[in-house]
Amino acid sequence: MVAKSPPDGHTLFATPPGPLLISQSLFHKLAFDPAAFVPVSVYAVQPYLLVAHPKTPASSLGELIAFAKAHPDKLNRQSTVAHHEDGVCWLAMLTS
């Protein structure tokens, strides 16, 4: 694992923000210290798209959030990446 690798100047860790930024808010104990990593560069940008079925009774993000809070068992979420932290955070925000 990169977190346990010696700082030799040859090890590079490429990751989306989730493991370093979001995981520390979701999990009490991590196997690594997120503050031990130093950002070097942004090498890619991933656009996000929020879509809903036409029968969903919401025509704006605010309406979708209100609907999700009123009916937490009626919505599902999907992400292009399994166990994607951003999707988990959106689901938590919509249903809390």
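Pairs are defined by a Cβ separation below 9 Å, a sequence spacing of at least 6 or placement on different chains, a first member in segment 24-37 that is assigned by TED's automatic domain parsing to the domain that holds PHE13, and a second member that is acidic (Asp, Glu) and in a helix (DSSP H, G or I); the pairs so defined are LEU26/GLU85.
Residue-by-condition table, conditions (1) at pLDDT below 80; (2) in a loop (DSSP other than H, G, I, E, B); (3) not aliphatic (A, V, I, L, M):
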{"site": "LEU21", "(1), (2), (3)": "yes, no, no"}
{"site": "LYS29", "(1), (2), (3)": "no, yes, yes"}
{"site": "PRO47", "(1), (2), (3)": "yes, yes, yes"}
{"site": "PRO54", "(1), (2), (3)": "no, yes, yes"}
{"site": "ILE65", "(1), (2), (3)": "no, no, no"}
{"site": "LYS74", "(1), (2), (3)": "no, yes, yes"}
{"site": "ALA82", "(1), (2), (3)": "yes, yes, no"}
{"site": "ASP86", "(1), (2), (3)": "yes, no, yes"}
{"site": "ALA92", "(1), (2), (3)": "yes, no, no"}
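The values are calculated or read from the model by the stated rules, or taken from the named source; none is laboratory data. Because the structure is a prediction, the values reported are computed rather than measured. Methodologically, a virtual Cβ is constructed for each residue, glycine included, from the backbone with ideal geometry; neighbour enumeration extends over all protein chains shown.
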